[in-house]
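> There's a structure below that I have some questions on.
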Amino acid sequence: MDKNLVVGAGITGAVIANKIANELDEKVVLIDRRSTVAGNSYDYKDKETGITVHKYGPHIFHTNNKEVWDYLSKFTKWNYFFLKPNAVIEGEKVTLPFNLTTIRELFSPQMADRLEEKLISEYGYGIKVPILKLKEIEDKDLKFLSDYIYEHVFKNYTMKQWGVKPEEIDPSVTARVPIYISHDNRYFQDKYQGIPLNGYTKMIEKMVEHENIELRLGLDYKELKDPGFKRIFYTGAIDEYFEYKYGRLPYRSLRFDVQTLDREYYQKTVVTNYPNNYDFTRITEHKYFLDEKSNKTIISVEYPEEFELGKNERYYPISSPENQALYEKYLKEAEKFQNLYFCGRLGAYKYYNMDLAVEKAFELLSDCL
Ligand code: FAD
Ligand code: UDP
């Protein structure tokens with residue numbers, strides 16, 4: 001029987017392995033150099049407190065794609081969950097995404113009335129406006145508002161997260177968190193949102209549990225001796241695969257300071273952003289994801305860092321025309337090999353959320369099988 005290789009047991013690799021095993025009834029060897037499945041969506045139950053910890057940062061599944069939602073729902077039940085974070089602005093915890101509620105929290109009622117009226121008449125109720133678009137506005141009051149939001153929500157957070165100002169990164173990045181002309185306090189408005197009821201790791205373990213799938217953890221592609229695969233799906237970094245022959249693709253990384261605290265709760269919401277003060281960007285309190293009870297709590301404080309080979313992990317591709325050109329050089333190299341496919345957040349060098357990673361894996365399989 002033909003054998004396929006999938007490198008990386010994150011959500012992308014799990015979808016690919018599962019579909020080939022199930023739908024094609026072919027064998028798959030699925031490897032990951034980590035000792036765990038689930039890639040960056042990996043979570044684990046802390047032994048002392050029973051709290052499920054998102055090791056690589058807060059992960060909330062959200063999608064408008066029914067096919068993706070229905071597919072994952074075969075492997076998990078969901079804790080229906082809406083992310084409603086706070087941001088600390090001028091020492092106060094206010095609603096994020098920045099919306100009409102946030103305006104009321106920060107300004108006097110008269111001023112809030114004026115700003116709200118102007119925003120609704122300029123854009124309409126229920127409209128989302130990226131900060132860099134809002135900054136183009138000429139009206140005096142709205143200009144004051146856009147400067148305020150830029151300074152207090154985006155500028156310093158982006159400097160910490162990316163090392164440069166908002167206007168120096170791809171506009172799609174800050175547009176992930178638009179100003180929402182509404183009182184809807186949810187960070188995401190997708191139709192389907194949730195956290196796998198028993199965690200992401202259990203969901204992904206179920207996806208890859210199949211008689212056609214041989215899972216080998218703690219194994220790097222470089223150490224794999226077995227040639228002769230019918231197809232290779234590679235969800236690791238494309239520059240690493242080609243031994244950096246054209247140079248390194250840059251990434252941003254993170255460091256998580258995980259702390260168990262001897263108190264029931266640390267903060268009122270699962271995530272609090274700290275755009276302005278401190279060196280960290282956000283604090284996550286993990287017990288909220290699955291509404292877990294304990295007289296202790298676990299938080300992780302998130303510090304952005306530059307990615308350095310051998311020191312930390314690749315978390316975010318950095319979208320820019322130069323980096324895209326370098327990526328495409330590697331992709332051209334890949335095209336010389338038959339049946340070698342690069343996919344996932346690292347393989348595609350794209351800032352994918354989990355739902356898009358799944359959707360792109362579906363698309364790749366329907367194109368190449
Ligand atoms: P990964 O999860 O990165 O998996 C790739 C795997 O390949 C890794 O396990 C790695 O060890 C393995 N690998 C790489 N190279 C090799 C090699 N040479 N040999 C063997 N194995 C290898 N998405 C959301 O939808 N909602 C969220 O709330 C959300 N929050 C996030 C928060 C943070 C801090 C971060 C960093 C990401 C977040 N994401 C979120 C994005 C989400 O993590 C990704 O969409 C998802 O993990 C992509 O899955 P993947 O399988 O493509 O890649
Ligand atoms: N952002 C910001 N302030 C915030 C939240 C987000 O400036 O309080 C900007 C920042 O540039 C960040 C981007 O918006 O990198 C995307 O934010 P998101 O919350 O989607 O980041 P992720 O969860 O993917 O790290």
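The values are calculated or read from the model by the stated rules, or taken from the named source; none is laboratory data. All values reported here derive from a predicted model rather than from experimental measurement. All Cβ positions, even for glycine, are placed from backbone atoms using ideal geometry, and neighbour counts span all protein chains on display.
> Within the range 336-351, is even one residue in contact with a strand residue (DSSP E or B) (Cβ under 6 Å, 6 or more places away or on another chain), modelled with pLDDT of 95 or more and farther than 29 Å from residue 247 by Cβ?
Looking for residues that are in contact with a strand residue (DSSP E or B) (Cβ under 6 Å, 6 or more places away or on another chain), modelled with pLDDT of 95 or more and farther than 29 Å from residue 247 by Cβ, one finds none in the range 336-351, hence no.
> Would you check which residues across the range 134-155 are more than 20 Å from residue 273 (Cβ to Cβ) and touching a residue at least 24 places away in the same chain (Cβ under 8 Å) and list them?
141, 142
> May I pose another question? Taking the stated definitions as given, is residue 326 modelled with pLDDT of 95 or more, assigned to a helix (DSSP H, G or I) and within 13 Å of ligand 1 (Cβ to nearest atom)?
Taking the combined requirement at face value, the residue does not satisfy it.
> Ok, one more. Among the residues of the range 48-58, are any acidic (Asp, Glu), touching a Leu at 6+ places or on another chain (Cβ under 9 Å) and touching a residue at least 60 places away in the same chain (Cβ under 8 Å)? Lay out the reasoning, then the answer.
Step one: of the range 48-58, the residues acidic (Asp, Glu) are 48.
Within this subset, residues satisfying the condition of being touching a Leu at 6+ places or on another chain (Cβ under 9 Å) are none.
There is no residue in the range 48-58 that is acidic (Asp, Glu), touching a Leu at 6+ places or on another chain (Cβ under 9 Å) and touching a residue at least 60 places away in the same chain (Cβ under 8 Å).
> Regarding residue 125, is this residue of a type in the set (Phe, Trp, Tyr), surrounded by fewer than 17 Cβ atoms within 10 Å (Cβ to Cβ) and out of contact with any Pro (no Cβ under 7 Å at 6 or more places or on another chain)?
So residue 125 passes the test.
> Take the range 146-161 and flag every residue that is in contact with a Pro (Cβ under 7 Å, 6 or more places away or on another chain) and charged (D, E, K, R).
Of everything in the range 146-161, those that are in contact with a Pro (Cβ under 7 Å, 6 or more places away or on another chain) and charged (D, E, K, R) turn out to be 155, 160.
> Got a sec? Which of 202, 191, 206 is within 24 Å of the chain's Cα centre (by Cα), surrounded by fewer than 15 Cβ atoms within 10 Å (Cβ to Cβ) and within 16 Å of ligand 1 (Cβ to nearest atom)?
191
> Go through the range 318-333 and count every residue that is more than 21 Å from residue 161 (Cβ to Cβ), in contact (Cβ under 8 Å) with a residue 24 or more places away in the chain and aliphatic (A, V, I, L, M).
2
> Still on this structure: Based on what the data block shows, is residue 289 under 30 Å from residue 240 (Cα atoms) and within 16 Å of ligand 1 (Cβ to nearest atom)?
So residue 289 fails the test.
> Further, regarding this structure: Considering the range 2-32 alone, what residues qualify as being more than 6 Å from ligand 1 (Cβ to nearest atom) and at positive phi?
25
> For the range 283-335, give me the residue count where each residue is under 22 Å from residue 255 (Cβ atoms), touching a helix residue (DSSP H, G or I) at 6+ places or on another chain (Cβ under 9 Å) and of a type outside the set (S, T, N, Q).
11
Every residue, every condition in (1) within 16 Å of ligand 1 (Cβ to nearest atom); (2) basic (Lys, Arg); (3) part of a loop (DSSP other than H, G, I, E, B), yes or no:
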| position | (1), (2), (3) |
| --- | --- |
| 294 | no, no, yes |
| 302 | yes, no, no |
| 305 | yes, no, no |
| 332 | no, yes, no |
| 341 | yes, no, no |
| 351 | yes, no, yes |
| 356 | yes, no, no |
| 359 | yes, no, no |
| 365 | yes, no, no |
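> With 248, 216 as the choices, which residue is assigned to a strand (DSSP E or B) and more than 17 Å from the chain's Cα centre (by Cα)?
Checking each option against the conditions leaves just 216.
> Sticking with this one: Does residue 222 meet the test of being in a helix (DSSP H, G or I), out of contact with any helix residue (DSSP H, G or I) (no Cβ under 8 Å at 6 or more places or on another chain) and either within 15 Å of ligand 1 (Cβ to nearest atom) or under 28 Å from residue 305 (Cα atoms) (or both)?
Spelling it out, residue 222 is indeed in a helix (DSSP H, G or I), out of contact with any helix residue (DSSP H, G or I) (no Cβ under 8 Å at 6 or more places or on another chain) and either within 15 Å of ligand 1 (Cβ to nearest atom) or under 28 Å from residue 305 (Cα atoms) (or both).
> I need a count of the residues in the range 225-248 that are within 15 Å of ligand 1 (Cβ to nearest atom) and in contact with a Cys (Cβ under 8 Å, 6 or more places away or on another chain).
3
> Continuing with the same structure: Looking only at residues in the range 156-186 that are near ligand 2 (Cβ under 9 Å from one of its atoms), touching a residue at least 24 places away in the same chain (Cβ under 8 Å) and part of a helix (DSSP H, G or I), which one is nearest to the chain's Cα centre (by Cα)?
Checked the range 156-186; the qualifying residue nearest to the chain's Cα centre (by Cα) is 173.
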